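Pasting in a structure now, in structure tokens, and then I'll have a few things to ask.
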Amino acid sequence: MKKISVLIPTFNEQDNIIPLTEEITNIFRNKLKRYDYEIVFIDNCSTDDTRKNIEKLCYKNKKIKAIYNVKNFGYLRSPFYGLQQTTGDCTILMAADFQDPPELIMDFVKEWEKGYKIVAGIKNRSKENFILYFFRTLFYKIIKKITDIEHIEHFTGFGLYDKRFINILKKLDEVKPYLRGIVAELGFKRKDILYEQNRRRSGKTKSNWWSLYDLAMLGITSYSKVVLRLATIFGFIIAIISFFLAIIYVILKLVFWFAFPIGIAPIIILILFFGAIQLFFIGFLGEYILNINTRIIKRPLVIEEKRINF
């Protein structure tokens, strides 16, 4: 009998995990009877009653397991680590807030049985904030243009991953994993399934502008050389233009020195403009260095506090 793992990362999801678990277990009991299953929660040090509710679920059903982190290790590291701890023939990664529809589990498994090693849930519509959705779309369009791999638009990680892919993840030794890029980069046979992202059923969203910026910088610095190349090209072009402007200015000053006054304002404006350009690219260079520094240090993805039912 094949075994399907469902991995659910949590952080302050006390009102969502019990009804979500009930829906998932009902799917396996009624629609996917010929499969064994496990539901694995990996909790990022919740401060509400999330852990208490998880323990109730684990006590009632030994197929429900839990990993508790000693602190919040972030929304990228914890799920990536959790994927490596599952024991199924495939693993389904989904959010705990009902934005990822549980009913898609059946569609994922159906496509997996056809031979697809990865089945990705792709948002083609969303009930989330319109402005956030717009900026997400803009980010995906930009990163597809400037990276060497074809990024998957509106893919959050929600999907099914074959055990063979999970085994590859274990060998990557990633300390700051960008799963969306890894899925696109490794090139496993993939099936995309479109869905409408629901609103969060309960609780507050953990996404904010800072987390979106952090994700964008990680994607760009992990998979793109374009920004650094632009800095080089732009600097070269500016140097040439500046050289010719200087020659023209000297000639005009020598020939029309009495009728060619120049104020200080244009000079200040040019200095501020070029200074801003320099700071922009220095900032991006800092993002690349930060990414490199994080990978070199090689701290553990997470540190566990406790396991239940493993």
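For labels at LYS225 and GLU113 in the simple 7 Å Cα→Cβ model, what's the distance in nm?
4.6 nm
Skipping prolines and chain starts, which residues have an amide H placed within reach, meaning under 5 Å, of the one on ILE92, given they are 5 or more residues away or on another chain?
SER5, VAL6, LEU7, TYR161
Quote the relative contact order of the chain in percent (integer), defining contacts as alpha-carbon pairs under 8 Å separated by 6+ residues.
It comes to 24 percent, rounded to a whole number.
Tell me whether the range 1-46 comes out rounded, prolate or oblate; compute the Cα gyration tensor, take square roots of the eigenvalues as a ≥ b ≥ c, and use a/c under 1.5 as the rounded threshold.
Judged from the Cα gyration tensor, the range 1-46 comes out oblate (a/c at least 1.5, b/c at or above a/b).
Anything over 25 Å Cα to Cα? Flag those among LYS31/LYS163; LYS2/LYS189; LYS56/LYS170; LYS3/LYS56; LYS2/LYS191; LYS189/LYS306, in the order listed.
LYS56/LYS170; LYS189/LYS306
Still on this structure, please answer the following. Please list, or write none, the aspartates and glutamates whose alpha carbon is within less than 17 Å of the alpha carbon of LYS65, excluding same-chain residues fewer than 8 places away.
GLU13, GLU22, GLU23, ASP36, GLU38, ASP43, ASP49, GLU55, ASP89, GLU304, GLU305
Quick check: from the Cα gyration tensor, does the range 1-95 come out rounded (a/c under 1.5), prolate or oblate? Walk me through the numbers on the way to the answer.
On the way: a/c = 2.16, a/b = 1.39, b/c = 1.55.
In terms of gyration-tensor shape, oblate.
Now for a different question. Give me, ordered by chain and number, the residues 5 or more places off THR10 or on other chains with an amide H under 5 Å from its own placed amide H.
Result for THR10 returns ILE42, ASP43, ASN44.
Turning to a different aspect of this structure: Which of LEU7, LEU179 has the fewest other C-beta atoms within 10 Å, and how do the rest follow up to the most? If you can, show how the numbers build up before the last one.
On the way: LEU7 26, LEU179 19.
Result, fewest neighbours first: LEU179, LEU7.
Given H placed 1.01 Å from N in the peptide plane, which residues other than close sequence neighbours of ILE64 have an amide H under 5 Å from its amide H?
ILE39
Related question: Once you sort the root eigenvalues of the Cα gyration tensor of the chain as a ≥ b ≥ c, which label holds: rounded (a/c under 1.5), prolate (a/b larger than b/c) or oblate (the other case)?
Because a/c hits 1.5 or more and a/b exceeds b/c, the chain counts as prolate.
Hey, another quick one. For the range 5-16, just list the computed ³J(HN,Hα) in residue order, Karplus coefficients 6.51, -1.76 and 1.60, θ = phi - 60°, integers in Hz, with x standing in for Gly and Pro.
My calculation for the range 5-16 gives 9, 10, 9, 10, x, 9, 7, 6, 10, 4, 8, 9 Hz in order.
Moving on. Enumerate the calculated ³J(HN,Hα) couplings along the range 141-147 in order (Karplus 6.51 cos²θ - 1.76 cosθ + 1.60, θ = phi - 60°), each rounded to whole Hz, writing x wherever the residue is Gly or Pro.
5, 5, 5, 5, 7, 9, 10
No lab work stands behind these numbers, since they all come straight from the coordinates. Every value quoted in this text rests on a predicted model; they were computed, and no experiment measured them. Here the Cβ is made from the backbone with ideal geometry for all residues, glycine too, and neighbour counts use every protein chain on show.
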